[in-house]
Amino acid sequence: MSVDGEARGLGWPAVVGLGAAHFCLFADRAIPSAFAPALRADFGLTDAQIGLLIGPAMILPFAVATIVAANWLGRVSAWTIITISMLAWSLASATGALAATFAGMVAGRIAFGIAQAGFAPAAASLLSRSIKPPAPLAISAFTTGSASGRSGGLLLGGALLLAVGGLALPVAPWRIASLALLIPNILLALMLWRLSRRAIEAHVPAPGLGSGLRWIGSVRTTFLGHMIASAGILMIAQAIGAWAPSILNREFGLTTAGSAMLAGAAVLIGVPIGHLAAGRLASRAHFLRSGPAPLMIGGSLIAFVGCIALHAATSLAGATIALVVMIAGGGVAAATSLIGLQLMVPPRERLSVNALFLAVTTAFGYAIGPWLTGWLSDAIEHDGHALAFALLLLVAGAAALVFVAAISASAGWRRLAADNA
């Protein structure tokens, strides 16, 4: 069976399973955000150190490993890559959960980042060729899982803190939260492997990184514009997800558990609204004529407006509504970014190009977004709103970047999408 046959084997069970795996991956990633106030107090960390743990320590190794792996990903079945990656990141997360020092936590996050390298490129390559459901909806379901996973980590952390209360436990709650995710990770890996046996008869190797780089070189202006805009979008989304619990904790006096759970609930509401709306809109015929730029820019501006509202909020209800608006806007932009990439890249090049694209944009989004927001917060001599103001500055700058880069890529994107239609 051809590679296209492999993709046609996808149905809603496989799409939902991949989305659920993405959910668990991002729930694992979100644990430091959920427990940031407790980690800050227990280990005496600065905001910049928390930002380092959330972002660069995990995502820079992920980016390097993804680029290195891009050369051989196409030689192995995408389903095999997905299964191995899931088992590897589960083991790395469990190992990091046992760390006794800040340095040990950083080492665990490095291993966790490397273990994820093959998952998203392989999954995106499969989903981009899906027919039932249509590719834009399948991809938006996948990105919904990732963004909702942040809420999973936050809700898990908050619920755990509420449950244990003031109990003297031999194991810290953040360690318990990381270890608890082992079970769903392993069960999902086994489920996806079983589904894959029904969809694959033969694997056709895809071109490696060299072929993808040659294609990128032939359309470098358009590709660079789309990639820079996408990196700016991920900076917005990851900074919001990383620091929302801390803002609620500091500015509204919520406990660590309460702030994590409220931020998680806001994500759980805002993410499906934004990501699934992007999938619906991108499935319409006019998307090929307009391109992804209007939705990427519009979503970023919605996130910026929500950030202004969050900074100005004087009540917890107002802050929660602002968070939902920010998250929904970022979701529209983020899902559109990945959908737009699949439509502009020839099918045979998607695996290696997805790997390079995700490595670069995710590195910028995770490493720069949370860390730069934390650095700005430390640098601002301000009243109690320093962190919210720092987030506002980050989102404003990133939204401006998205606007310029998306516009620069718009005409070229339409030509490439027409060629691949």
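Would you mind stating whether residue 246 is at pLDDT below 90 and either within 21 Å of residue 389 (Cα to Cα) or not aliphatic (A, V, I, L, M) (or both)? Yes: the conditions hold for residue 246. Among residues of the stretch 284-295 that are within 14 Å of residue 135 (Cα to Cα), those with a Cβ under 9 angstrom from a residue that is loosely packed, with under 15 Cβ neighbours inside 10 Å, sequence gap 6+ or separate chain, pair up as 288/418; 288/421.
Go through the stretch 142-176 residue by residue and tally those that are hydrophobic (A, V, I, L, M, F, W, C), modelled with pLDDT of 75 or more and surrounded by 24 or more Cβ atoms within 10 Å (Cβ to Cβ). Steps first, answer last, please.
Our first condition is that a residue be hydrophobic (A, V, I, L, M, F, W, C); within the stretch 142-176, this holds for 142, 147, 154-156, 159-164, 167-169, 171-172, 174, 176.
Now restrict to residues that are modelled with pLDDT of 75 or more: 142, 176.
The next check asks that each one be surrounded by 24 or more Cβ atoms within 10 Å (Cβ to Cβ); those that pass are 142.
Qualifying residue count, the stretch 142-176: 1.
For the stretch 69-86, state whether one or more residues are at pLDDT 80 or above, surrounded by fewer than 20 Cβ atoms within 10 Å (Cβ to Cβ), of a type outside the set (S, T, N, Q) and out of contact with any strand residue (DSSP E or B) (no Cβ under 8 Å at 6 or more places or on another chain). There is at least one residue in the stretch 69-86 that is at pLDDT 80 or above, surrounded by fewer than 20 Cβ atoms within 10 Å (Cβ to Cβ), of a type outside the set (S, T, N, Q) and out of contact with any strand residue (DSSP E or B) (no Cβ under 8 Å at 6 or more places or on another chain). Scanning the stretch 402-421 for residues that are open to solvent by less than 70 Å² (accessible area, probe 1.4 Å) and of a type in the set (A, V, I, L, M) returns 402, 405, 406, 409, 411, 416, 417, 418. Of the listed requirements (1) touching a residue at least 12 places away in the same chain (Cβ under 8 Å); (2) surrounded by fewer than 24 Cβ atoms within 10 Å (Cβ to Cβ); (3) of a type outside the set (A, V, I, L, M, F, W, C), residue 104 misses just one: (1).
So, in the stretch 44-77, of the ones that are touching a residue at least 24 places away in the same chain (Cβ under 8 Å), of a type outside the set (D, E, K, R) and in a loop (DSSP other than H, G, I, E, B), which residue ends up nearest to residue 103 (Cα to Cα)? Give the steps one after another, and end with the answer.
Residues of the stretch 44-77 touching a residue at least 24 places away in the same chain (Cβ under 8 Å): 45-77.
Next cut, of a type outside the set (D, E, K, R) only: 45-46, 48-74, 76-77.
Then drop every residue that is not in a loop (DSSP other than H, G, I, E, B), which leaves 45-46, 55, 74, 76-77.
Values: 45: 12, 46: 14, 55: 15, 74: 35, 76: 34, 77: 36 Å.
Going through the qualifying residues, I end up with 45.
Considering the stretch 13-47 alone, what residues qualify as being modelled with pLDDT under 80 and of a type in the set (Phe, Trp, Tyr)? Result: 35, 43. When the test is whether a residue is hydrophobic (A, V, I, L, M, F, W, C) and either without any contact (Cβ under 8 Å) to a residue 40 or more places away in the chain or open to solvent by less than 60 Å² (accessible area, probe 1.4 Å) (or both), residue 273 does not pass it. Answer yes or no as to whether residue 260 is more than 21 Å from residue 296 (Cβ to Cβ) and buried (at least 23 other Cβ atoms within 10 Å of the Cβ). When the stated conditions are applied, residue 260 passes them.
Just give me the residues in the stretch 172-197 being outside any helix (DSSP H, G or I) and under 19 Å from residue 42 (Cβ atoms), in sequence order. Answer for the stretch 172-197, where residues must be outside any helix (DSSP H, G or I) and under 19 Å from residue 42 (Cβ atoms): just 172.
Please state which one of 320, 336, 314 is among the hydroxyl-bearing types (Ser, Thr, Tyr) and surrounded by 24 or more Cβ atoms within 10 Å (Cβ to Cβ).
336
Taking the criterion of being hydroxyl-bearing (Ser, Thr, Tyr) and within 22 Å of the chain's Cα centre (by Cα), the residues of the stretch 226-259 that qualify are 230, 246, 259.
Kindly state which helices (runs of 4 or more DSSP H) lie completely within the stretch 306-408 and contain at least 3 residues that are in contact with a Ser or Thr (Cβ under 6 Å, 6 or more places away or on another chain). Talk me through it step by step, then tell me what you get.
Working: elements: 316-344, 350-362, 369-379.
Passing ranges, in order: 316-344, 350-362.
Suppose we keep only residues that are of a type in the set (A, V, I, L, M) and within 16 Å of the chain's Cα centre (by Cα) within the stretch 359-397. Which one would you say is surrounded by the fewest Cβ atoms within 10 Å (Cβ to Cβ)? Checking each candidate, the answer is 360.
The values are calculated or read from the model by the stated rules, or taken from the named source; none is laboratory data. Keep in mind that this is a model prediction, so the values were computed, not measured. Heads up, the Cβs are rebuilt from the backbone with ideal geometry, glycines too, and the neighbour counts pull from every protein chain shown. Just the protein is used for accessible areas: all its heavy atoms, side chains included, with ligands, DNA and RNA removed. Shrake-Rupley method; radii C 1.70, N 1.55, O 1.52, S 1.80 Å.
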